[in-house]
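What follows is a single structure, written as structure tokens, with notes after it.
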Amino acid sequence: MKLFEKLQKKVTVNDYTFHCVIDQTPSIPIVSVKIYSSKTSHVEFLFSWKRMYDVNPNRPVVCARLIQYAIDQGWDYQEEKQVRIFEKSDDVSDLLQLEKLDYT
């Protein structure tokens, strides 16, 4: 996995465009995947470096799967000021089997 400090990308899920910010700053003990649906609404997933070695968060399919998971967990991305933080997201990665996603 190529290391970027911060990477930004747009991902479309359910015909809605989300803005994803992946923070892989080496001096920080976690990898943060923050997904914005608007200026005031976002969801954030915090992963260990060990987990992100197996899962490449820079792939759009990973971001899309995380977005769908947050929506399934009750994140109302179309409303303002909707913030959800999943602090121990390694379990989410296991649940969604992110390391097994087809990246082609």
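Collect the residues in the range 12-36 that are among the polar types (S, T, N, Q), in contact with a strand residue (DSSP E or B) (Cβ under 6 Å, 6 or more places away or on another chain) and part of a strand (DSSP E or B), keeping them in residue-number order.
THR17, SER32
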- If you check VAL61 against the conditions, is it of a type in the set (A, V, I, L, M, F, W, C) and either under 17 Å from CYS20 (Cα atoms) or in contact with a Gly (Cβ under 9 Å, 6 or more places away or on another chain) (or both)? yes
- How many residues are open to solvent by less than 70 Å² (accessible area, probe 1.4 Å) and of a type in the set (D, E, K, R) if we restrict to the range 12-36? 2
- Of the candidates LYS9, LYS88, LYS39, the one satisfying the condition of being at negative phi, open to solvent by less than 70 Å² (accessible area, probe 1.4 Å), not β-branched (Val, Ile, Thr) and not in a helix (DSSP H, G or I) is LYS9
- Item | Subset of the range 30-44 (residues that are within 11 Å of PHE86 (Cβ to Cβ) and among the small types (Gly, Ala, Ser)) | SER32
- Cβ pairs under 9 Å, 6+ apart or interchain, first in the range 76-97 and free of Cβ contacts under 8 Å to residues at least 60 places away in the same chain, second loosely packed, with under 12 Cβ neighbours inside 10 Å and assigned to a helix (DSSP H, G or I), ordered by first then second residue, are ASP90/LYS50; SER93/ASP54
- Message: If I ask for residues that are farther than 21 Å from ASP15 by Cα and not in a loop (DSSP other than H, G, I, E, B), which ones from the range 42-83 would you list?
- Response: PHE45, LEU46, PHE47, SER48, TRP49, LYS50, ARG51, MET52, TYR53, ASP54
- Note on the structure: Counting only residues in the range 47-104 that are modelled with pLDDT of 90 or more and aromatic (Phe, Trp, Tyr), the one nearest to ILE28 (Cα to Cα) is identified as PHE47
- Item | Residues (open to solvent by 40 Å² or more (accessible area, probe 1.4 Å) and closer than 20 Å to LEU7 by Cα) located in the range 91-103 | GLU99, TYR103
- Query: From the list TYR77, TYR53, TYR69, which residue is surrounded by 18 or more Cβ atoms within 10 Å (Cβ to Cβ) and closer than 22 Å to LYS100 by Cβ?
  - Reply: TYR69
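The values are calculated or read from the model by the stated rules, or taken from the named source; none is laboratory data. Quick caveat: nothing in here was measured; it's all calculated off a predicted structure. Glycine gets a Cβ as well: all are built from the backbone with ideal geometry, and neighbour counts include every protein chain shown. Side chains are part of the model used for accessible areas, which takes the heavy atoms of the whole protein and leaves out ligands, DNA and RNA. Shrake-Rupley method; radii C 1.70, N 1.55, O 1.52, S 1.80 Å.
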